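To keep things clear, I will list the structure first and then write my remarks on it.
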Amino acid sequence: MFFQPLNPPIQSFQGQRIWLVGASTGIGAALAEQLIAAGARVAVSARSADSLAQQFSGRAEILPLDVTDATALNVGAQTLCTHWGGLDLVLAIAGTYQVMRADRVDLAAAKRILDINLSGVLNLFAAVQPTLLKQGHGGFGIVSSVAGYGGLPLSLAYGASKAACINLAQSLWLDLHDKGIGIYLINPGFVRTPLTANNPFPMPFLIDADVAAQAIMRGLQRGAFEIHFPKTFSRLLKLLNLLPHWLYLRLVKRGTGL
Ligand SMILES: NC(=O)c1ccc[n+]([C@@H]2O[C@H](COP(=O)([O-])OP(=O)(O)OC[C@H]3O[C@@H](n4cnc5c(N)ncnc54)[C@H](OP(=O)(O)O)[C@@H]3O)[C@@H](O)[C@H]2O)c1
């Protein structure tokens, strides 16, 4: 029992009905490309309709929307269910990030980060939950971050939003595993995308978006609950977070120099 994967492995993506929310750039766009290439039936969402159409027209269903708009997500879910007859996997990828320190709080920006990164995930989950429960199968994945493992400098609001997503994914798994629903928690390290393009510090173990997408595909195929990468970095952060606060906080302060 302890060596079984926590989720049903997705043996093949061929014909799988997959909705990626947050797929106009970065990790979501790279993942959509790889899922289409693997034979999945893909729907892509984000705010920028033009960007989605330019990249995916004729190859994926295009549903432009904003994740802070719960009604738009409900309509999107209904549209796909009518068109496809159900959903096999829904991925909450949309996210935003802004460097923020506690000595210069931008409250409006902090609330916007929580609205997109946390409430957006809840909005999407609420929109697809009735379908997943009715089916008794299918999966819901949340792209959180290794930044959610523990507090980091410059990460005010973003880190908190991602920590909440990790907690949310664990709660969803506990509540839904017995109902046949897979719950996937995806925790990337640094990935080269528009989100990180203006980071004012060197990013250790930085990887490209297509490498991140490959890691996500492999994790889904394994039926992993947590899909974290790149492993050297994510395992290092996991180890740091096992330490008591007095040691964790001092090591992070000294190690980052921030
Ligand atoms: N890059 C990294 O190093 C890294 C590391 C860990 C975790 N992550 C997480 O990975 C996810 C994807 O990030 P990324 O690096 O690929 O960034 P990205 O290239 O900026 O992609 C973000 C995606 O989310 C969409 N989005 C943003 N706000 C939205 C909203 N309100 N409604 C609908 N869609 C919205 C964006 O499209 P529109 O702007 O067109 O709406 C875009 O498609 C995020 O959750 C991020 O926090 C990234």
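Taken together, the values in this text are just the output of simple stated rules run on the coordinates, not laboratory data. Note that the structure is a prediction, hence the values are computed from the model and not measured. Methodologically, a virtual Cβ is constructed for each residue, glycine included, from the backbone with ideal geometry; neighbour enumeration extends over all protein chains shown.
So here's what we get for this one:
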item	result
Gaussian network model of the chain, springs between alpha carbon atoms under 10 Å - residue of Asn198, Asn241, Asn187 with greatest fluctuation	Asn198
Long-range amide H partners of Val191 with built H, under 5 Å	Ile207
Backbone HN-Hα couplings from phi across segment 221-236 [Karplus 6.51/-1.76/1.60, Hz, Gly and Pro as x]	5, 6, x, 5, 6, 9, 10, 10, 6, x, 4, 4, 6, 5, 5, 4
Point-charge dipole on Cβ atoms (K/R +1, D/E -1) for the chain, about Cα centre, debye to 20	700 debye
Taking Tyr97, Tyr184 and counting other C-beta atoms within 10 Å, the order from fewest to most	Tyr97, Tyr184
Burial order of peptide ranges 172-183, 3-14, 151-162 (average beta-carbon count within 10 Å, highest first)	151-162, 172-183, 3-14
Calculated on alpha-carbon atoms, Rg and Dmax of segment 1-132 in Å	16.1, 50
In degrees, nearest ten, helix 158-176 long axis to first principal axis of the chain (Cα)	50 degrees
Most to least packed among 128-139, 32-43 [average Cβ atoms within 10 Å]	32-43, 128-139
Interchain or long-range residues, amide H under 5 Å from His228's placed H	Asn187
Interchain or long-range residues, amide H under 5 Å from Ala43's placed H	Ile18, Trp19, Leu20, Glu61
Kirkwood-type radius of segment 17-256, with distances r between different C-alpha atoms, in Å	18.2 Å
Aspartates and glutamates whose Cα lies under 15 Å from that of Lys162, excluding same-chain neighbours fewer than 8 positions away	Asp115, Glu226
Proportion of all alpha-carbon pairs of segment 189-258 beyond 21 Å (%)	38 percent
Principal axes of segment 139-258: Cα extent on each, largest first, Å	46, 33, 24
Helix-only CD estimate at 222 nm, as mean residue ellipticity for the chain, using -39500 (n - 2.57) per DSSP H run (n ≥ 4)	-14000 deg cm²/dmol
Integer Hz, Karplus 6.51/-1.76/1.60 couplings in order for segment 23-39, x for Gly and Pro	10, 7, 8, x, 4, x, 5, 5, 5, 4, 4, 5, 5, 4, 4, 7, x
Gaussian network model of the chain, Cα within-10 Å springs - most flexible of Ala108, Ala53, Ala209	Ala108
Principal-axis tilt of helix 120-135 within the chain, Cα atoms, nearest 10 degrees	40 degrees
